[in-house]
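One structure below.
The values are calculated or read from the model by the stated rules, or taken from the named source; none is laboratory data. Treat the numbers as computed from the prediction; the structure is a model and nothing was measured. Here the Cβ positions follow ideal geometry from the backbone for every residue, glycine too, while neighbour counts run over all protein chains shown.
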Amino acid sequence: MTFHDTGLAEPLLRAVAADGYSIPTPIQAASIPHVLAGRDLLGCAQTGTGKTAAFALPTLHRLAAGTSVPAGRGRRIRTLVLSPTRELAGQIHESFRGYGRHTPLRRTVIFGGVSQRPQVRDLEHGVDIVVATPGRLVDLMQQGCVDLSHVEIFILDEADRMFDMGFLPDVKRIVAKLPRQRQTLFFSATMPGPIEALANEMLVDPVRVRIAPERQTTELIDQSVCFVAKANKPRLLIDLMSSQAISRAIVFTRTKHGADRVVRQLS
Ligand code: AMP
């Protein structure tokens, strides 16, 4: 299966091709046609499986194909994505920006820990897609800055982590403000009881997609382990870094001082 077989519109295929993707990952192949057809989805998949594109691409397609997009302030929020952390929300927002770069759709990202002013300004100017963490979104809802009554597609990402982080009450408060008539895409790496219950409450006859549920790692990443005496670690690291196979890398250390030391040695 290629991306052309998924039924995605040309502006999205163009973005995906330019990003160097030729073949949909299993979760993309299993999800995209159903989401395009308007079905609810229950996706059991972890980060690294390509799940962001699995929901972002068909969502962008449906939004761009839907009723003609009103300009500027006339825009209504038609898609809401909830994510448990700022980092993830930022990444998802970036994906929507990248995949949607040949569409006229506008989006913004909303999270706590920073000034709400630019976020409120974006909302006032009109956006089609909002990616948010639950806490700040509830804040803005209470201030009357967010109208969710036109949401057509609601995406809940990493539901199990939301639950672990104590966001379930906020999520429920947000869901209560969404139209009942909508498409819902629900993702969770694991399905403990409360998450299953939440999914049952929120989804209508969902398509279930489960990708390698027991696996802690992903096929997309090769992993290896080197056992080495502490004194030899810098030399080994330099050796690995000099190899042609590595063009960019992240090195994790146990302490801040350790990180400084590694940088000095590599420099
Ligand atoms: P995610 O699981 O959404 O965090 O995506 C994991 C990574 O896979 C991201 O860096 C994507 O850019 C990349 N990716 C997503 N879909 C594809 C695809 N069909 N082919 C190659 N890479 C992809």
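In region 25-44, how many residues are within 12 Å of the ligand (Cβ to nearest atom), touching a strand residue (DSSP E or B) at 6+ places or on another chain (Cβ under 7 Å) and among the small types (Gly, Ala, Ser)?
Residues in region 25-44 being within 12 Å of the ligand (Cβ to nearest atom), touching a strand residue (DSSP E or B) at 6+ places or on another chain (Cβ under 7 Å) and among the small types (Gly, Ala, Ser): 2 in total.
Tell me which of these Ser149 doesn't satisfy, since it passes every other one: (1) more than 16 Å from the ligand (Cβ to nearest atom); (2) under 26 Å from Phe163 (Cα atoms); (3) crowded, with 16+ Cβ neighbours inside 10 Å; (4) among the hydroxyl-bearing types (Ser, Thr, Tyr).
Going through the list (1) more than 16 Å from the ligand (Cβ to nearest atom); (2) under 26 Å from Phe163 (Cα atoms); (3) crowded, with 16+ Cβ neighbours inside 10 Å; (4) among the hydroxyl-bearing types (Ser, Thr, Tyr), Ser149 breaks only (3).
Give just the number: which of (1) touching a residue at least 40 places away in the same chain (Cβ under 8 Å); (2) away from the ligand (no atom under 15 Å from the Cβ); (3) touching a Pro at 6+ places or on another chain (Cβ under 8 Å) does Ala65 not satisfy?
The single condition Ala65 does not satisfy is (3).
As an exercise: evaluate Ser22 against (1) under 18 Å from the mean Cα position of the chain (by Cα); (2) within 12 Å of the ligand (Cβ to nearest atom) and give the number of the one condition it does not meet.
(1)
Could you tell me whether Arg235 is part of a strand (DSSP E or B), out of contact with any helix residue (DSSP H, G or I) (no Cβ under 8 Å at 6 or more places or on another chain) and either surrounded by fewer than 18 Cβ atoms within 10 Å (Cβ to Cβ) or on the phi < 0 side of the Ramachandran plot (or both)?
no
Would you mind telling me which numbered condition in (1) surrounded by fewer than 17 Cβ atoms within 10 Å (Cβ to Cβ); (2) more than 9 Å from the ligand (Cβ to nearest atom); (3) in contact (Cβ under 8 Å) with a residue 24 or more places away in the chain Gly98 fails?
(2)
List, please: which pairs have Cβ atoms under 6 Å, are six or more places apart or on different chains, and start with a residue in region 118-132 that is within 15 Å of Glu94 (Cβ to Cβ) and in contact (Cβ under 8 Å) with a residue 12 or more places away in the chain and end with one that is of a type in the set (A, V, I, L, M) and part of a helix (DSSP H, G or I)?
These pairs meet every condition: Val131/Ala89; Val131/Ile92.
So which of Thr103, Thr79 ends up being more than 11 Å from the ligand (Cβ to nearest atom) and over 30 Å from Gln142 (Cβ atoms)?
On inspection, the qualifying residue turns out to be Thr103.
Go through region 1-32 and give me each residue that's closer than 17 Å to Thr49 by Cα and of a type in the set (Gly, Ala, Ser).
Gly20, Ser22, Ala29, Ala30, Ser31
Between Ile110, Ile77, Ile92, which is in contact with a Lys or Arg (Cβ under 8 Å, 6 or more places away or on another chain), among the β-branched types (Val, Ile, Thr), at pLDDT 95 or above and at negative phi?
It is Ile110.
Could you grab the pairs with beta carbons closer than 8 Å, sequence gap of 6+ or different chains, first residue in region 167-185 and more than 16 Å from Val131 (Cβ to Cβ), second one part of a loop (DSSP other than H, G, I, E, B) and among the polar types (S, T, N, Q)?
Lys177/Ser149; Pro179/Ser149
For region 110-131, enumerate the residues that are more than 12 Å from Ile77 (Cα to Cα) and crowded, with 20+ Cβ neighbours inside 10 Å.
Passing the criteria: Ile110, Phe111, Gln119.
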